[in-house]
1. Let me check I have the definition right: for the protein assembly as shown, take the eigenvalues of the Cα gyration tensor, multiply each by 5, take square roots. What are those semi-axes in whole Å, largest first?
2. Karplus couplings for region B:64-78 from phi (6.51 cos²θ - 1.76 cosθ + 1.60, θ = phi - 60°), rounded to Hz, Gly and Pro as x?
3. For peptide B:34-44, what's the mean number of Cβ atoms from other chains within 10 Å of each residue's Cβ?
4. Quick one: 3J(HN,Hα) in Hz for region B:31-36, Karplus 6.51/-1.76/1.60 with θ = phi - 60°, rounded, Gly and Pro as x.
5. Could you tally up the Lys pairs in chain A with alpha carbons closer than 26 Å? Skip any pair fewer than 8 positions apart unless they're on separate chains.
6. Excluding residues on the same chain fewer than 8 positions from residue B:17, give the aspartates and glutamates whose Cα lies under 17 Å from its Cα.
7. How many percent of all Cα-Cα pairs in chain B sit more than 19 Å apart?
8. What is the Rg over Rh value, at two decimals, for region B:55-112, using alpha-carbon atoms and the Kirkwood definition of Rh?
Amino acid sequence: GAVVSQHPSRVICKSGTSVKIECRSLDFQATTMFWYRQFPKQSLMLMATSNEGSKATYEQGVEKDKFLINHASLTLSTLTVTSAHPEDSSFYICSASGQAQKGGNTIYFGEGSWLTVV
Amino acid sequence: SQKIEQNSEALNIQEGKTATLTCNYTNYSPAYLQWYRQDPGRGPVFLLLIRENEKEKRKERLKVTFDTTLKQSLFHITASQPADSATYLCALGDSGNTPLVFGKGTRLSVIA
């Protein structure tokens, strides 16, 4: 079964509003979580790396004030898209690094969240 | 800067044949390389990991090779089936706590 859960899977919001996406590790503690964005037929582009209890590290070109990341616990990270615009419409995917039931430190991906800004 | 290239955007093959996908990289020395499957509108699903000191890894009908001299990985699906149709991504990594760097993916279509 899934070891990383993302919610919501699909969300439509109005331009100018904010939307929050949650990423949970279900049966392991994720010391590090990664947030990616993927446009159609494109690769996953890393947005930021978040470590529990500390500030996220953003990739070049990603606005930290627009994409707020909170890694409040070892099982939950949230991405908030603030003042969303249509160009923010994309597929957002999180991944978590940790030891799950299969053993060994590995990276697991969530199912992704489709954001549409109208 | 780091660059990952997957040989083609799309690959069509006949059912039962072996599909071979290529991943080349430059300006990078990864500790390991991973292959993922991604279906439309879904997150990537891990398939195989191969480390820099390994030449080949197998899992059921899947086989991955890793040539650090050529900076290339080949991903094979033998006896391909229509259910294997998906986008396959290669990704490079250093350790479990560093982010993976992904290629754009190859969209495989297996035709019955």
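Any read-out appearing in this document is the output of simple, stated calculations on the displayed coordinates, not a laboratory observation. Since the model is a prediction, treat every value here as computed from it, not as a measurement. Neighbour counts run over all protein chains shown; Cβ positions are idealised from the backbone, glycine included.
1. On the way: eigenvalues 179, 81, 54 Å².
In descending order the semi-axes read 30, 20, 16 Å.
2. Working through the residues one at a time gives 10, 10, 9, 10, 6, 6, 7, 6, 8, 10, 10, 10, 10, 10, 8 Hz.
3. Values: counts 2, 0, 3, 0, 5, 0, 1, 6, 7, 18, 11.
Neighbouring Cβ atoms belonging to other protein chains average 5 per residue here.
4. 7, 7, 9, 10, 10, 10
5. Count of close lysine pairs: 11.
6. B:60, B:84
7. Values: 2503 of 6216 pairs.
Value for chain B: 40 percent of Cα pairs lie more than 19 Å apart.
8. Details: Rg = 13.2 Å, Rh = 13.0 Å.
Result: Rg/Rh = 1.01.
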